[in-house]
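No lab work stands behind these numbers, since they all come straight from the coordinates. Bear in mind that the values here come from a model prediction, so they are computed numbers and not experimental data. Positions of Cβ are backbone-derived with ideal geometry, glycine not excepted, and every protein chain shown enters the neighbour counts.
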Amino acid sequence: MKKILAITTVSLMAISTAAQAVEFADIDSNQDGVLTFEEINGVMADVTEEVFNNIDLNQNGALDQDEFAAAEL
């Protein structure tokens, strides 16, 4: 459990740093209201699939605005 928490914390910090200058709507290239790994990685190349999966709280393969905002903390 501690390992998962540590990985999630590091993941949130990584996306937070990368996302500070980028808005959700700027990343959502197809304007469907969610961000795929490909959309995120196209703008923030340092975000790995592992990081993406850790912040995809409902594990649906996409980040909604709430998940994205939580990652910016």
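Of note:
- Cut-off 18 Å, label 7 Å out along Cα→Cβ of Asn60, residues of region 31-52 by amide N: 31-40, 52
- Local electrostatic count at Leu57 - Lys and Arg +1, Asp and Glu -1, tallied over other residues with Cβ under 10 Å: -4
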